[in-house]
1. What does the structure give for A:266-274 when I average, per residue, the other chain Cβ atoms found within 10 Å of the residue Cβ?
2. What do you get for Rg/Rh over region A:135-204 if you use C-alpha atoms and the Kirkwood form of Rh?
3. By Kyte-Doolittle mean hydropathy of at least -0.5 and Cα axial length of at least 30 Å, which whole DSSP H helices of chain B are selected?
4. Looking only at other chains, what is the average number of their beta-carbon atoms within 10 angstrom of each beta-carbon in A:134-141?
5. Taking other Cβ within 10 Å of each residue's Cβ, how do A:Lys39, A:Lys299, B:Lys264 sort, fewest first?
6. Can you compute log10 of I(q)/I(0) for the protein assembly as shown with the Debye formula, treating each Cα as one identical point scatterer, at q = 0.05, 0.06, 0.11, 0.12 Å⁻¹?
7. For region B:32-129, take every pair of Cα atoms, bin their distances at 5 Å starting from 0, and report each bin as a whole percent.
8. Expressed as a whole number of Å, what is the distance separating the alpha-carbon centroids of region B:54-92 and region B:255-318?
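Computed from the coordinates by the stated procedures, all read-outs in this text should not be read as laboratory data. Keep in mind that this is a model prediction, so the values were computed, not measured. Cβ atoms come from the backbone with ideal geometry, glycine included; neighbour counts cover every protein chain shown.
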Amino acid sequence: MWGKLSGYSDAFKKASTGDDGKQYFVPATYYPWAVFYRKSVWQQRGYQVPTTLDQFTALGAQMKKDGLTPIAFADKDGWPAMGTFDILNLRINGYQFHVDLMAGKEAWTSDKVKKVFDTWVGLLPLHQPDSLGRTWQEAAQSLQQKKSGMYLLGLFVGQQFSNDEQDDLDFFTFPEIDPAIGAKALDAPIDGYMMARKPKNEDNARKLLEYFGGKAAADINLKNDPAVLVANSGADVGGYTALQKKAAELVGSATEIAQFLDRDTRPDFASTVIIPALQQFIKDPKDIGGLTSSIENQKKSIFTD
Amino acid sequence: MSDLPLIQADRAVPPPASTTSTGGRRRRLRLLSRTDRVVITLMVLVPLLLVTGFVWLPAAATVLLSGTNWDGIGPLNEIEFVGARNYSDVVTIYPPFVPAIQHNLLWLASLFVVATPFGMFLAVLLDKELRGSRFYQTALYLPVVLSLALIGFVWQLLYSRDQGLINAVFGSNVDWYGDSNVNIWAVMVASGWRHVGYIMLLYLAGLKGVDPSLREAAAVDGASESRTFFRVVFPVLRPINIIVLVVTVIESLRAFDLVWVVNKGRNGLELISALVTQNVVGEASRIGFGSALATIMLVVSLVFITIYLATVMRENRE
C-alpha cells in the first residue's frame with residue numbers, strides 16, 4: 001500500500017510505522033508544536049531567538065525584568081502541559097526514549113524522567129502562574145495582548161490572532177538542552193486515515209486510502225483548513241502563509257516526529273493517569289519522587305497486555 | 001395534635017380489602033373481568049420489564065464488568081476476569097479516589113447545611129406575600145431552569161482568573177477554578193445557587209398548602225412567629241421535609257455536570273461520578289476499572305436509599 005504513495009518524507013513514514021515494521025497509517029494533515037512569539041515585541045526589546053537552554057532561561061529572566069510574563073501557560077484542560085513534558089523529554093532523553101517511555105517499556109521512576117521534571121521545575125518560575133484555571137485560549141490571548149513573551153503550543157495558536165496580526169506571529173523550535181541529542185525532534189501530531197482490520201470491501205477501501213494519501217486530497221484539505229499543514233509534499237502549497245511555510249520547513253528538517261503524549265501512549269493511561277499527575281506536578285512541583293512512583297504504579301496496572 | 005385531620009381523613013374511607021377478602025377465591029375471580037386481568041398483567045409486566053431492562057440488568061452488568069479488564073472493544077469472549085484487582089487498584093494506587101469521596105461528602109454536607117436551609121428560609125419569607133414576592137420568586141427560581149452545564153459556563157465568566165468579573169471588580173488575583181483549595185468551594189457556590197431556588201420552590205408549594213387556621217390558632221395562643229414555624233408549621237410539613245431531604249441527597253450524589261464543564265473533574269474537583277465518566281467514556285475506555293468505581297458509587301447510593309426506604313416504610317406502618 002505505501003509503495004503506491006509518493007510525496008512523504010522519511011519522518012512521516014517512520015511515524016506511520018507500527019512496532020512490527022509495517023505501515024499502518026496514511027498521513028493527511030499535521031501541525032508542529034513550537035515556541036511562538038510576536039515579532040513586534042521581540043524587535044522592540046531586541047530579543048534574540050535562544051538556541052540553548054541557558055539562553056532560553058536568560059531570555060526568560062530578561063523578559064521578567066521587562067515586565068512581561070516570559071512563558072504563557074495554561075493547563076485547565078489537562079493536555080497542554082503534555083506538550084511541555086514531551087518537548088523537554090525529547091530534548092533531554094531523545095526520541096527513542098520518548099517512544100519507549102510511551103510504550104510502557106521504560107520506568108517512569110527512572111532518573112531520566114526525574115531529570116525532565118527537574119528541568120521543568122527550573123523553568124516553572126518563568127511560566128504564567130495559576131495555569132490550572134486557564135484555558136489555552138486565554139493564555140494565547142495574553143501573548144496576543146503582548147503581556148506574555150512566548151508560548152509553547154501547536155500551530156493552532158494562530159486562531160486567537162486577528163488576520164492582520166498573523167504576520168506578526170513567529171516561532172522557533174524549543175532550544176537544545178543536550179548537545180548530544182540536539183534540537184531536531186519535535187511534536188507534530190499527524191491526522192490521517194486507517195483501515196479497519198477486516199473491511200467488507202477491502203479493494204475499494206485500499207483505493208480510497210490511496211486517494212486520501214494522494215495529491216488531490218491534500219489540496220482539498222489545505223483549502224478547507226488553513227491552520228494545518230498537509231503531509232504530502234506534492235500538494236500545491238502556494239497558498240501557505242509565511243508562518244505555514246516556516247512550520248513546514250521546520251517539520252521537513254525534523255529527524256523524528258513525535259505524535260504528542262496522548263497519541264504516543266495508551267489513551268487510557270494518558271487521560272486517567274498522566275493528566276492528573278502533570279496537574280499535580282504543576283500544583284506542587286516538590287514531590288517528584290512520589291509523583292513518578294505513583295505514575296509507575298498505575299502504569300503497571302494499565303499496561304498488562 | 002396538629003396533623004389529626006389528615007389522619008382522620010385517611011381512616012374515614014373504610015379499607016376496601018375488607019369486602020373482597022371475605023368473598024374467597026370464586027368471588028374475586030368474578031370481580032376481575034377478562035379485560036381487567038389483561039390490564040393488570042400489562043400494568044405490572046411493562047414497568048417490570050422496563051425496570052429490569054434499564055435499571056437492574058445494566059447495574060448487574062456493571063458489577064460483573066468491574067471484575068474484568070475489558071477495554072470496550074472486541075468480542076465479549078475476549079474479556080478477562082481479574083477478580084478484585086480493579087477495586088484494590090482504586091483504593092491503593094489511584095490518587096483521585098480519596099479526594100473524590102471527600103468531595104462528594106463535602107458536597108452533601110454543604111447542600112444540607114447551607115443551601116437547603118437557606119432555600120427553606122427564602123420560601124418562608126416569600127410566603128409572607130411581601131411586595132414584589134413574585135419577582136423574587138422568579139429571580140430565585142431562574143437558575144433551576146438552566147442546565148448545570150450552562151451554569152458552569154455562566155460562572156466561568158465570573159470566575160475566570162484573567163478575564164473574570166470577580167477578579168476585575170475586586171482587583172483580586174484568585175484563581176477560582178484553578179486553585180485546588182478554592183475551586184471546590186467556588187463550584188459549590190454555583191451549584192448552591194441553583195439548589196436554593198429548587199428547594200425554595202418545593203417548600204413554598206408546601207407552605208401554601210398549610211391550613212391557615214393552624215397559624216391563627218397558634219397566634220391566638222400567643223406563640224411568636226418563629227415558635228409558630230418550628231412547633232406548628234414545620235411538623236405539619238413533614239412529607240415535604242422528607243422530599244427536600246431526598247432531593248438534597250440525590251443532588252449531591254449525582255453532582256457531575258458542573259465539575260465536568262469546569263475541568264472534567266480533575267485538580268481539586270474530583271467526584272466519583274466524574275471519575276467514572278473519565279474512565280468509561282471517551283478515549284480512556286477503561287470499562288472494567290470504571291465499572292469498579294461505578295459499583296462503589298452504587299453501594300454508596302444504596303446506603304442512602306436504604307435509609308430513606310426504611311424511614312418511609314416505618315412511617316407507613318405507624
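1. That works out to 6 on average.
2. Numbers: Rg = 18.8 Å, Rh = 15.7 Å.
Using Cα coordinates only, the ratio equals 1.20.
3. Numbers: long enough: B:183-208 (37 Å, 0.94); B:287-317 (42 Å, 1.39).
Passing helices, by number: B:183-208, B:287-317.
4. Partner Cβ neighbours, averaged per residue: 2.
5. A:Lys39, B:Lys264, A:Lys299
6. Results for the protein assembly as shown at q = 0.05, 0.06, 0.11, 0.12 Å⁻¹ read -0.34, -0.47, -1.18, -1.33.
7. Pairs per bin, as whole percents: 2, 9, 8, 9, 10, 10, 10, 11, 11, 9, 6, 2, 1, 0.
8. 16 Å
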